[in-house]
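Notes follow once the structure below has been shown.
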Amino acid sequence: MFIVALTGGIGSGKTTIADRLAELGAGVVDTDQLSRELTADGGPMLPAIREAFGGTVFQPDGRLDRSALRRLVFDDPQSRARLESILHPPIRQRMLERIDRLDTPYAVIVVPLLFETGQQSLADRVLVVDVPESVQIERVRKRNGLTVPEIERIVASQTPREERLARADDIIDNSGPPENLESQIQRIHRRYLDLCQASPH
Ligand code: ATP
């Protein structure tokens, strides 16, 4: 299967673009969604998370307290590494299983932390969605109601914009209004259809 890895910073528009590529016929596997499945109520990774971090990251009813866990790992690199060592192997396994089951011309894997996790090696093509930081901040503020300093900290913890762009094979500019996306997405979809036909997969 020809694999496109779609990445970009928080609030850049990854989901918006992946949804549209899916409508056009791409197979989409979203690693954030796999992570949520693995940690949903009764999810298979909850026991390992409880063992690693204890009851403080759980709600009284036994569900994961996502914001408590996010705060914990954000402030503590060791905890973050531990959480990643719990979640990344099963996410990767599920992702490969889902890709295997696709019968679409090509696959789009949505990986917010693509370069941080070294997963670009799986991909034939790296597609970066690019927006300036000020736009990220504005869109995330509207969507989640986080404060500007909170969003700035998250942005600062992710791969810098310049590095992401330098490592991209293809770039979608999502700094404008949504209607500016359509022609870019159509063009990139056609390019991937051409490339996957030409590739030996
Ligand atoms: P995250 O990494 O936080 O999951 P994401 O990269 O998947 O985010 P989206 O969820 O697609 O980004 O977009 C972030 C927010 O910005 C959403 O509320 C979305 O509706 C909005 N948005 C996306 N593209 C545009 C645009 N061109 N103009 C205005 N709003 C947009």
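Every read-out reported here was derived from the displayed coordinates using simple, explicitly stated rules and does not represent laboratory data. Small disclaimer: the values here were computed from a predicted structure and weren't measured. Note that we place each Cβ from the backbone using ideal geometry, even for glycine, and neighbour counts take in every protein chain shown.
Can you confirm whether Ser35 is within 15 Å of the ligand (Cβ to nearest atom), of a type in the set (Gly, Ala, Ser) and buried (at least 20 other Cβ atoms within 10 Å of the Cβ)? No, not satisfied. Looking across segment 24-55, the residues that are more than 21 Å from the chain's Cα centre (by Cα) and on the phi > 0 side of the Ramachandran plot come down to Gly42, Gly54.
Condition test on Ser183, is it of a type in the set (Ser, Thr, Tyr), over 30 Å from Arg50 (Cβ atoms) and either part of a helix (DSSP H, G or I) or within 13 Å of the ligand (Cβ to nearest atom) (or both)? Here the answer is yes, as Ser183 does meet what is asked. Checked against (1) in contact (Cβ under 8 Å) with a residue 12 or more places away in the chain; (2) of a type in the set (A, V, I, L, M); (3) within 16 Å of the ligand (Cβ to nearest atom), Leu193 meets all criteria but (3).
Condition test on Arg164, is it under 15 Å from Gly13 (Cα atoms), touching a strand residue (DSSP E or B) at 6+ places or on another chain (Cβ under 8 Å) and in a helix (DSSP H, G or I)?
Working: under 15 Å from Gly13 (Cα atoms): yes; touching a strand residue (DSSP E or B) at 6+ places or on another chain (Cβ under 8 Å): yes; in a helix (DSSP H, G or I): yes.
In short, yes.
Output the residues belonging to segment 124-168 that are under 19 Å from Arg187 (Cα atoms) and either surrounded by 15 or more Cβ atoms within 10 Å (Cβ to Cβ) or touching a helix residue (DSSP H, G or I) at 6+ places or on another chain (Cβ under 6 Å) (or both). Answer for segment 124-168, where residues must be under 19 Å from Arg187 (Cα atoms) and either surrounded by 15 or more Cβ atoms within 10 Å (Cβ to Cβ) or touching a helix residue (DSSP H, G or I) at 6+ places or on another chain (Cβ under 6 Å) (or both): Asp124, Arg125, Val126, Leu127, Val128, Val129, Asp130, Val131, Ala168. Figure legend. Inter-residue proximity from segment 151-177: first residues within 10 Å of the ligand (Cβ to nearest atom), second residues of a type in the set (Phe, Trp, Tyr), beta-carbon distance below 9 Å, spacing 6+ or different chains. Indicated pairs: Ile154/Phe74.
For segment 97-141, which positions are part of a strand (DSSP E or B), away from the ligand (no atom under 14 Å from the Cβ) and touching an Asp or Glu at 6+ places or on another chain (Cβ under 9 Å)? Listed by number, the residues that qualify are Tyr106, Arg125, Val126.
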